[in-house]
Amino acid sequence: MSSTSQKHRDFVAEPMGEKTVMALAGIGEVLGKRLEEKGFDKAYVVLGQFLVLKKDEELFRDWLKDSCMANSKQQKDCFCCLKEWCDAFL
C-alpha cells in the first residue's frame, strides 16, 4: 500500500460533516477555489460527484482534471481519499 498524507489520514478518520472541499487530499487552495467557483464548495458535494460517477477511478479523475485542472497526483490523491472514506463510512 502506498503511503498517504496526514491530510488524507485526517479526512478518512472521521465522518465528513461540513468539511470544505480543501479538506480533501490532493485539493489545495488553488484547486479548491476552482471547485468552489463551480459549486463544489464542500467535500460532500465532491463525494456526490464521486458517487454519481459510480466510484469509477478513470471517470472521477477525468472529471477532476476537467473541473479544476488537477494534475495526475492530485487526481489520484483525491480519488484514494474518497474511496477510502467510502469504504469506512458507507
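Kindly provide the set of residues from the range 55-79 that are closer than 19 Å to residue 16 by Cβ, open to solvent by 50 Å² or more (accessible area, probe 1.4 Å) and among the hydrophobic types (A, V, I, L, M, F, W, C), ordered by number.
Listed by number, the list is empty, since nothing qualifies.
Just to be sure, is residue 18 assigned to a helix (DSSP H, G or I), open to solvent by 20 Å² or more (accessible area, probe 1.4 Å), of a type in the set (D, E, K, R) and modelled with pLDDT of 95 or more?
no
Restrict the check to the range 60-72 and report whether at least one residue is among the basic types (Lys, Arg) and in contact (Cβ under 8 Å) with a residue 24 or more places away in the chain.
Within the range 60-72, not a single residue is among the basic types (Lys, Arg) and in contact (Cβ under 8 Å) with a residue 24 or more places away in the chain.
If I go through the range 29-57 residue by residue, how many of them are free of Cβ contacts under 8 Å to residues at least 40 places away in the same chain and either of a type in the set (A, V, I, L, M, F, W, C) or in a loop (DSSP other than H, G, I, E, B) (or both)?
Looking only at that region, the number is 17.
Condition test on residue 70, is it over 14 Å from residue 26 (Cα atoms), small (Gly, Ala, Ser) and either over 10 Å from the mean Cα position of the chain (by Cα) or modelled with pLDDT under 95 (or both)?
no
The values are calculated or read from the model by the stated rules, or taken from the named source; none is laboratory data. Just so you know, these numbers come straight off a predicted model, no measurement behind them. With ideal geometry, Cβ positions are generated from the backbone for all residues, glycine too; neighbour counts draw on all protein chains shown. Accessible surface is based on the protein model in full, side chains and every heavy atom, while ligands, DNA and RNA are left aside. Shrake-Rupley method; radii C 1.70, N 1.55, O 1.52, S 1.80 Å.
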